[in-house]
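**Student:** Quick one: the structure is below, and I'll ask about it shortly.
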Amino acid sequence: MRKIASLMWKGLIRLEQFTLIITGAFLTLLIFSEVILRELNLPLLGVEELAKLFAFWLYFIGIAYATYNHTHIIAGVTTTVLRSPKKLLVSRVIVSFISLVLCGYVITWGYEMLIWAIKEGGHSPLFLIPVIYFQVSIFIGIILMTFYFLIDFIKDLRALIKVSLNRQSMEGTR
């Protein structure tokens, strides 16, 4: 069972990495082509429309991947103020819990946007790209981000419990 979970985990991360590479490459290619063609006075219609689609996927999968890697923006003031390892763990548990709750709340917005896109339809002006292709990237990114914050919260809480139990057992042997 653990092997299957490990394969699924690695597969998810690889899929995110692949999505980031492909969307980043296409976005770069589109913008580079647009610049070159404008210099040659050969405007290419619809580049911005396609760029938005790739940008949405790049941004929201990028947010999820940054959360997984712990490379998202963090205000690390607590590490300079708190010196005790246990207090730092308490701080991490609180931060990961707040992040989890906020992401859980934002999921509702992503879900509502997704439902709106399904009900209302809508499409881009030139290529008629369905709006749902944009909206689903938001929803998937937020779901993944929440999932990673849940994992962080569980890890941090387990570490805090372990430290607390070790401290109690050390105090009991004195």
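**Student:** Return a yes/no flag: does region 25-34 have any residue that is surrounded by 12 or more Cβ atoms within 10 Å (Cβ to Cβ) and under 22 Å from Phe139 (Cα atoms).
**Tutor:** Yes; the residues of region 25-34 include at least one that is surrounded by 12 or more Cβ atoms within 10 Å (Cβ to Cβ) and under 22 Å from Phe139 (Cα atoms).
**Student:** Need at least 3 residues that are under 16 Å from the mean Cα position of the chain (by Cα) and in contact (Cβ under 8 Å) with a residue 12 or more places away in the chain per element, so show me which helices (runs of 4 or more DSSP H) inside region 1-109 make the cut, counting only ones lying wholly within it. First the steps, then the outcome.
**Tutor:** Working: elements: 2-39, 47-69, 77-81.
It comes to 2-39, 47-69.
**Student:** Does Thr67 fit the bill of being buried (at least 19 other Cβ atoms within 10 Å of the Cβ), farther than 30 Å from Leu29 by Cα and not small (Gly, Ala, Ser)?
**Tutor:** no
**Student:** For region 119-129, check the following and say yes or no: at least one residue is touching a residue at least 12 places away in the same chain (Cβ under 8 Å), surrounded by fewer than 14 Cβ atoms within 10 Å (Cβ to Cβ) and part of a helix (DSSP H, G or I).
**Tutor:** Checked against the condition, which is being touching a residue at least 12 places away in the same chain (Cβ under 8 Å), surrounded by fewer than 14 Cβ atoms within 10 Å (Cβ to Cβ) and part of a helix (DSSP H, G or I), region 119-129 yields no hits at all.
Every number here is computed from the coordinates shown, using simple stated rules; none is lab data. Keep in mind the model is a prediction, meaning the values are calculated, not measured. Heads up, the Cβs are rebuilt from the backbone with ideal geometry, glycines too, and the neighbour counts pull from every protein chain shown.
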